[in-house]
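Enquirer: One structure is given below, represented as structure tokens, and several questions about it will come after.
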Amino acid sequence: MRSFTYTAPTSVADAVAAIASAGPQARFFAGGTTLFDLMKLGVERPSALVDVSRLGELEVIDTSGDDHLVFGASARMADVAADPVVLRDYPVLAESLWRAASQQLRNMATVAGNLLQRTRCPYFRDELYPCNKRRPGSGCAARDGIDRGSAVLGTGDACSAAFAGDWPVALLALDAVVDVVGPRGERTVTLADLHVEPGDTPDREHSLAPDELIVRIRVPVTPAGRGSTYLKIRDRESYAFALASAAVAVTLTGGGVVEECRIALGGVATRPWRAYAAERAVTGRPLSAETARAAGEAALAGARPGNLNAFKIELGERTVAEALRIAVERAGR
Amino acid sequence: MSTAPARVDARAKVTGALRYGADRAPESVAYAAFAVATIARGRITGVDTEAALNLPGVRLVITRFDPDELTSPGFIMTGGYGFQSLQPLLDDRIAYRGQPIALVVADTPLAATEAAELITAAYEPEPAAFTLDAPGAETLVQAQAIPIPMFADTAVGDADAAFAAAPVQVDVEVSGPNQHQVPMELIGGVVEWHGDTLVVHEGTQNSGAVQNGLARQLGISPDRVQVISPSVGGGFGQKNSLQPHIGPLAIAARRLGRPVKLVLTRPQTFHQASFRPASRQRVRLGADSSGRLVAAIHEIDQQTSRHDLFPAMYTEVSSRFYGIGAFRGLQRLVRTDVQTPGYMRAPFEHIAAYAMESAVDEIAYATGRDPVELRLANDTAVDPVSGLPFSSRHVAECLRRGAERFGWAERSPRPRSMRGPDGTLIGWGVAIGAYPGSAAAAIARMSAHDTGTVEVAVAGHEMGQGIRTAIARLVADDLGIEIAAVKVGVGDTRSAPQHLTAGSWGTATALPAVHAALRDRLGVPRTGPVDMRAAVAATGGSRIEIEATSVARGQPADVVVDRLRKGLLAIAGPEYPEFVTFSHIAHFVEVRIEAATGRVRVPRVVSVADCGRVASPVTAASQVRGGVIWGIGATLREQSLVDPRYGGFLNPTMEEYPIPVSADVHRIDVDFIDEPDLLLNPVGVKGLGEVCMVGVSAAIGNALFHATGARFRRLPVRIEDVLPHL
Ligand SMILES: Cc1cc2nc3c(=O)[nH]c(=O)nc-3n(C[C@H](O)[C@H](O)[C@H](O)COP(=O)(O)OP(=O)(O)OC[C@H]3O[C@@H](n4cnc5c(N)ncnc54)[C@H](O)[C@@H]3O)c2cc1C
């Protein structure tokens, strides 16, 4: 860990001004659960931290609106997971949060910081190894190494590190957007446009500029929330990242036919991954074991395994199928 | 009878008041950190410390000690004191990745850490080997490489001929991964000089070895070294000897004239301390058509380091599981470029049981016999290796009682025949475990006061296993005084010579000494309550102090007491002159495999242990639960990942090394035979802390077979192994 300067601005405007004046090595800092870790590992070496965790205006949780659920950027994962409306009407959101990390971490970590967390590829987290994401052009130690955790979708020659988060996967399934403020003003970015595939520049993981502050996340109100789930398969029952996960939300017609279907995958892709083909495979049909399996296969079609992670294809298919079963059951209640 | 609290230190633990070694913060303490090697084998050609030295707050950077300042402590298994013989910072050789290349001492932990990060080195790397089959890994036959009877291969009868002639044969090869203990308390301590006396506060299971080892390393008298291990926040074998950071700290503290504290980082504890070596175990079992076992051959390859031979002792236990008349063991050691591996809870027995008890399960299926019945039919009261009787052996009762509690009779034997309503695959498995019953010499000091208070100081370390509670309770029960009147001092070289506390023999060793001292000095009858106030008053003083020495059966008293005082191992067993002692256990396990996703869960375990007398029921039951949980982790979760291109361990943190979490743990029913083994010691205790983990993996593996019809040969069994068998 290296020395750095620390400022705690008291407004969004001050925060944006502070980051702009602190130079390119400055970072916003919220719960610190990603950033401090990476600083201790020497992967992140910010010259300045701008603390946005105590900006009251960013901590708002408003689930009363008719159009959107609104989550301030610095709302804590634990608080959003415990919101009564989220718990009752959007199990996919609640489950994606409380199945992440641990209660202690969720008490610290913010919902915006969660969007920008970095991969858990072990080679990324230790300076000893070549890693195109950490040191562009240095190579990829995972490619011929222990790539059990790597992605099978959205992979690239330079990097196949899996995106680690859960909540962004659930948000993607629900077509959420983020509102961003920067020196050049305010803009809205869809979740689908927020994260990017590694391509030739795996060090670039999202489409925000370093001086842009996320101020809130908005989730369109949808009846599909009630028929939803976030199913996460991992190496232990808690406190582990996903080997494969699926966020699924559905609505049914009176006759039990799937009317609307949203499916996104975690653990198996280099970014939160929307599975449109899988959605089409079930939409307009009643869910059977066969259609669920077909959706799973459609979701993983085109997957490219490495040395040790081929199992993620079958696991991903099964996870999608099982999540569909749970979501449809909930939608039918 | 005393009204015993569950644990004498429970309140202090829960409130955070309990003190650990590195909690000590003496005035003007300085903080140390290590810079470490980024190659796994070769030579250092230069270390650049300039940037580190220029950092504000940095007081000292040391890259090399003089040979007359610091020497090797010697390897604990060859008459030394260190977890390995190699002492870093003595020469230019690099023997494993993560080996310290410089010690930094600074005014703050932050400055020390930052300075350590700023240190770079140039190397001449050499090819290195990390796995059993890697090119360059060197395989030795242990019996030839370490020609000492204790490490010889067990052999009884002509096992090869008996196996060849057996109508039913199974041949099982399993492999066990590298694993790490990952105790909550990191390795670290505080070192300070009080005049000419070196005082060390460090969480260790062996303060006697730390004391004597430091004396050897620094060339001073052991009388001038005091080691205090107030409480150990988990050791599990990783803290059973002198760690190589303490000697350098002592020299740094002397140079600076300040106390120095060092706490290794979590990744450093994976690379600078011992761990479970990888091993490969091949077991061939022969039986007659009724399932009577007639031959066993057990061959092992076990990893060790380049610089030390960590002896394998798998066949000592596998030869004693059943009454098999012909047994042959072969233990090989494979040299690789790692720090020296060592004892990790149930070090040999856990994986040996996985191999043996999987093979026994296969014999049961091959002969169409129920796995419990088959085990009962092969039980023995006589040790098949020595021909001596077991001092006690209640395997049959463990199996019977466990089967009853588990509801084993309801089991449908055919694999894949038990399912839940949602298609969940259900498997029930059984296995037994055994662990050698050791004993060691001990010196106990006791002072009894006319207030009725009794202070006991004895060899032993409080590692969370509850030794203070167990001792306090036994003393209180024996004397008929309140448990609150008993003050127990352990882990302190100032109060009594400290022997290694491990291998379950801590309690078994300490208690007889306490008893002997007490009864002899007070001149009270062998049993029954003592009126302490009156008994002390009768001696004519307000307080009496006594010391007593005890040795294990068959131990030559003068030799072992001398070893004890020198901080060397002074252990006897499991073979004693007239008997052989093992602790035993039977585990019954239910696994459930989610049909949709292949997730394996262990909803139910029943474990019945034969550990002699149960010294402290609450801590004993919690020991067993901990052992079972560890068994679940060792079978389904834990592996220290090795990338053969780089060496070291790839997942050296708590979030990446998957020890089980609470959500992985379900119902664990524990029961005890609770029959004192009075041949082994007058209290009748055998060990419990290790045996409780032995056989858990095999019971889970056998349950997985029952659920899926597949045998899993490689631990841990992960979701990708199970998916093809849904
Ligand atoms: C042991 C462990 C286990 C975990 N397990 C899981 C898991 O299972 N699933 C999961 O999803 N996550 C998991 N996490 C990740 C955790 O959820 C994230 O670390 C956390 O959500 C990040 O939030 P934070 O507020 O602490 O972010 P910080 O660490 O403060 O910041 C993270 C990044 O976001 C940026 N940032 C923060 N706020 C803003 C903002 N308002 N605008 C722009 N940029 C911003 C920072 O500059 C930084 O780059 C785990 C973390 C740990 C340490």
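The values are calculated or read from the model by the stated rules, or taken from the named source; none is laboratory data. Fair warning: this is a prediction, and the values are worked out from it, not measured in the lab. Backbone-built Cβ (ideal geometry, glycine too); neighbour counts: all protein chains shown. Note: areas computed on protein heavy atoms with side chains; ligands, DNA, RNA excluded. Shrake-Rupley method; radii C 1.70, N 1.55, O 1.52, S 1.80 Å.
Enquirer: Go through segment A:1-56 and count every residue that is in contact with an Asp or Glu (Cβ under 9 Å, 6 or more places away or on another chain), hydroxyl-bearing (S, T, Y) and more than 9 Å from the ligand (Cβ to nearest atom).
Expert: The total comes to 4.
Enquirer: Quick check, is B:R604 touching a strand residue (DSSP E or B) at 6+ places or on another chain (Cβ under 8 Å), of a type in the set (K, R) and assigned to a helix (DSSP H, G or I)?
Expert: No.
Enquirer: Contact list please: Cβ distance under 9 Å, first residue in segment B:548-576 and over 24 Å from B:T154 (Cβ atoms), second residue basic (K, R), pairs at least six apart or on different chains.
Expert: What qualifies is B:A548/B:R445; B:A548/B:R521.
Enquirer: Is it the case, given these coordinates, that B:Q268 is outside any loop (DSSP other than H, G, I, E, B), touching an Asp or Glu at 6+ places or on another chain (Cβ under 9 Å), surrounded by fewer than 24 Cβ atoms within 10 Å (Cβ to Cβ) and in contact (Cβ under 8 Å) with a residue 40 or more places away in the chain?
Expert: Details: outside any loop (DSSP other than H, G, I, E, B): yes; touching an Asp or Glu at 6+ places or on another chain (Cβ under 9 Å): no; surrounded by fewer than 24 Cβ atoms within 10 Å (Cβ to Cβ): yes; in contact (Cβ under 8 Å) with a residue 40 or more places away in the chain: yes.
Taking the combined requirement at face value, the residue does not satisfy it.
Enquirer: Answer yes if at least one residue in segment B:314-326 is surrounded by 24 or more Cβ atoms within 10 Å (Cβ to Cβ) and assigned to a strand (DSSP E or B), and no otherwise.
Expert: No, segment B:314-326 contains no residue that is surrounded by 24 or more Cβ atoms within 10 Å (Cβ to Cβ) and assigned to a strand (DSSP E or B).
Enquirer: Filter segment B:632-647 down to the residues that are within 8 Å of chain A (Cβ to nearest Cβ) and within 16 Å of B:P277 (Cα to Cα) and list them by number. Explain how you work it out, then say what you get.
Expert: The first filter runs over segment B:632-647 and keeps only residues within 8 Å of chain A (Cβ to nearest Cβ), leaving B:637, B:641, B:643, B:645-646.
Result: B:L641, B:D643.
Enquirer: Just for segment B:611-646: of the residues that are touching an Asp or Glu at 6+ places or on another chain (Cβ under 7 Å) and of a type in the set (D, E, K, R), which one is modelled with the highest pLDDT?
Expert: Once the filter is applied, the top-ranked residue is B:R637.
Enquirer: Same structure again: Do we have A:R99 as away from the ligand (no atom under 16 Å from the Cβ), modelled with pLDDT of 95 or more and open to solvent by 20 Å² or more (accessible area, probe 1.4 Å) here?
Expert: When the stated conditions are applied, A:R99 does not pass them.
Enquirer: State yes or no: is B:R613 away from every other protein chain (no Cβ under 14 Å) and of a type in the set (D, E, K, R)?
Expert: In short, yes.
Yes/no per residue for (1) on the phi < 0 side of the Ramachandran plot; (2) modelled with pLDDT under 80; (3) not polar (S, T, N, Q):
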{"position": "B:P497", "(1), (2), (3)": "yes, no, yes"}
{"position": "B:T501", "(1), (2), (3)": "yes, yes, no"}
{"position": "B:G506", "(1), (2), (3)": "yes, yes, yes"}
{"position": "B:R519", "(1), (2), (3)": "yes, yes, yes"}
{"position": "B:V551", "(1), (2), (3)": "yes, no, yes"}
{"position": "B:D562", "(1), (2), (3)": "yes, no, yes"}
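Enquirer: I need every pair where a residue in segment B:3-27 that is within 23 Å of B:K261 (Cβ to Cβ) and of a type in the set (A, V, I, L, M) has its Cβ under 7 Å from the Cβ of a residue that is outside any loop (DSSP other than H, G, I, E, B) and modelled with pLDDT of 85 or more, sequence separation at least 6 or different chains.
Expert: Close Cβ pairs satisfying both conditions: B:L18/B:A12; B:A22/B:G188; B:A22/B:G189; B:A22/B:V190; B:A22/B:K261; B:A22/B:V263.
Enquirer: Can I ask one more? Restricting to segment A:57-85, give me the number of residues that are under 17 Å from A:M108 (Cβ atoms), open to solvent by 10 Å² or more (accessible area, probe 1.4 Å) and either more than 13 Å from the ligand (Cβ to nearest atom) or assigned to a loop (DSSP other than H, G, I, E, B) (or both).
Expert: Of the residues in segment A:57-85, 3 are under 17 Å from A:M108 (Cβ atoms), open to solvent by 10 Å² or more (accessible area, probe 1.4 Å) and either more than 13 Å from the ligand (Cβ to nearest atom) or assigned to a loop (DSSP other than H, G, I, E, B) (or both).
Enquirer: So, A:A151, is that one buried (at least 24 other Cβ atoms within 10 Å of the Cβ), within 14 Å of chain B (Cβ to nearest Cβ) and either assigned to a strand (DSSP E or B) or more than 11 Å from the ligand (Cβ to nearest atom) (or both) or not?
Expert: For A:A151, the condition - buried (at least 24 other Cβ atoms within 10 Å of the Cβ), within 14 Å of chain B (Cβ to nearest Cβ) and either assigned to a strand (DSSP E or B) or more than 11 Å from the ligand (Cβ to nearest atom) (or both) - is not met.
Enquirer: For segment A:226-248, which positions are surrounded by 23 or more Cβ atoms within 10 Å (Cβ to Cβ), more than 7 Å from chain B (Cβ to nearest Cβ) and within 20 Å of A:A292 (Cα to Cα)?
Expert: A:G227, A:S228, A:T229, A:Y230, A:L231, A:K232, A:A244, A:S245, A:A246, A:A247, A:V248
Enquirer: Working only within segment A:18-45, note down all residues that are away from chain B (no Cβ under 14 Å) and free of Cβ contacts under 8 Å to residues at least 12 places away in the same chain. Please lay out each step first, then the result.
Expert: Residues of segment A:18-45 that are away from chain B (no Cβ under 14 Å), as a first pass: A:18-32, A:35.
The answer is A:S21, and nothing else.
Enquirer: Something else about it: Being in contact with a Phe, Trp or Tyr (Cβ under 6 Å, 6 or more places away or on another chain) and within 16 Å of the ligand (Cβ to nearest atom) is true for just one of B:V661, B:V642, B:V606, B:V614. Which residue is that?
Expert: Testing whether each residue is in contact with a Phe, Trp or Tyr (Cβ under 6 Å, 6 or more places away or on another chain) and within 16 Å of the ligand (Cβ to nearest atom) leaves just B:V661.
Enquirer: Just checking: which of the strands (runs of 3 or more DSSP E) contained wholly in segment B:381-486 hold 3 or more residues that are surrounded by fewer than 23 Cβ atoms within 10 Å (Cβ to Cβ)?
Expert: Working: elements: B:425-436, B:442-449, B:454-458.
Qualifying strands (runs of 3 or more DSSP E): B:442-449.
Enquirer: Here's another thing I want to ask about it. Of everything in segment A:167-187, what is within 11 Å of the ligand (Cβ to nearest atom) and either in contact with a Pro (Cβ under 6 Å, 6 or more places away or on another chain) or not assigned by TED's automatic domain parsing to the domain that holds A:S207 (or both)? Give them in sequence order.
Expert: Scanning segment A:167-187 gives A:P168, A:V169.
Enquirer: Here is a list of conditions, (1) touching a strand residue (DSSP E or B) at 6+ places or on another chain (Cβ under 8 Å); (2) within 21 Å of B:T336 (Cα to Cα), and B:D91 meets all of them except one; can you say which number that is?
Expert: Failed condition: (1).
Enquirer: Starting from residues that are more than 10 Å from chain B (Cβ to nearest Cβ) and touching a Ser or Thr at 6+ places or on another chain (Cβ under 7 Å), keep the ones in segment A:298-324 and report whichever is least open to solvent (accessible area, probe 1.4 Å).
Expert: A:G306
Enquirer: Mind checking whether some residue in segment B:650-663 is touching a helix residue (DSSP H, G or I) at 6+ places or on another chain (Cβ under 8 Å), assigned to a helix (DSSP H, G or I) and either open to solvent by less than 10 Å² (accessible area, probe 1.4 Å) or without any contact (Cβ under 8 Å) to a residue 12 or more places away in the chain (or both)?
Expert: No, segment B:650-663 contains no residue that is touching a helix residue (DSSP H, G or I) at 6+ places or on another chain (Cβ under 8 Å), assigned to a helix (DSSP H, G or I) and either open to solvent by less than 10 Å² (accessible area, probe 1.4 Å) or without any contact (Cβ under 8 Å) to a residue 12 or more places away in the chain (or both).
Enquirer: A follow-up question, please. Take the conditions farther than 27 Å from B:V317 by Cα and either crowded, with 22+ Cβ neighbours inside 10 Å or not assigned by TED's automatic domain parsing to the domain that holds B:W408 (or both) and apply them to B:I585. Does it pass?
Expert: So B:I585 does not fit the description; no.
Enquirer: Of the numbered conditions (1) touching a residue at least 60 places away in the same chain (Cβ under 8 Å); (2) more than 14 Å from every other protein chain (Cβ to nearest Cβ), B:R714 satisfies every one except a single condition; which is it?
Expert: Failing condition for B:R714: (2).
Enquirer: Here's a follow-up. Only one of these conditions is not met by B:L723: (1) away from chain A (no Cβ under 12 Å); (2) assigned to a helix (DSSP H, G or I); (3) closer than 21 Å to B:A595 by Cβ. Which number is it?
Expert: Against the list (1) away from chain A (no Cβ under 12 Å); (2) assigned to a helix (DSSP H, G or I); (3) closer than 21 Å to B:A595 by Cβ, B:L723 comes up short only on (1).
Enquirer: May I ask you to verify whether A:V258 is farther than 30 Å from A:A20 by Cα, within 14 Å of chain B (Cβ to nearest Cβ) and away from the ligand (no atom under 11 Å from the Cβ)? Outline the logic, then answer.
Expert: Values: farther than 30 Å from A:A20 by Cα: yes; within 14 Å of chain B (Cβ to nearest Cβ): no; away from the ligand (no atom under 11 Å from the Cβ): yes.
No: the conditions fail for A:V258.
Enquirer: Considering (1) polar (S, T, N, Q); (2) away from every other protein chain (no Cβ under 14 Å); (3) farther than 27 Å from A:L58 by Cβ, say which one A:T222 fails and leave the rest.
Expert: (3)
Enquirer: Right, another one. Please go through segment A:102-126 and give me each residue that is polar (S, T, N, Q) and near the ligand (Cβ under 7 Å from one of its atoms), ordered by number.
Expert: If the condition is that a residue be polar (S, T, N, Q) and near the ligand (Cβ under 7 Å from one of its atoms), then A:S102, A:T110, A:N114, A:Q117 are the ones that fit.
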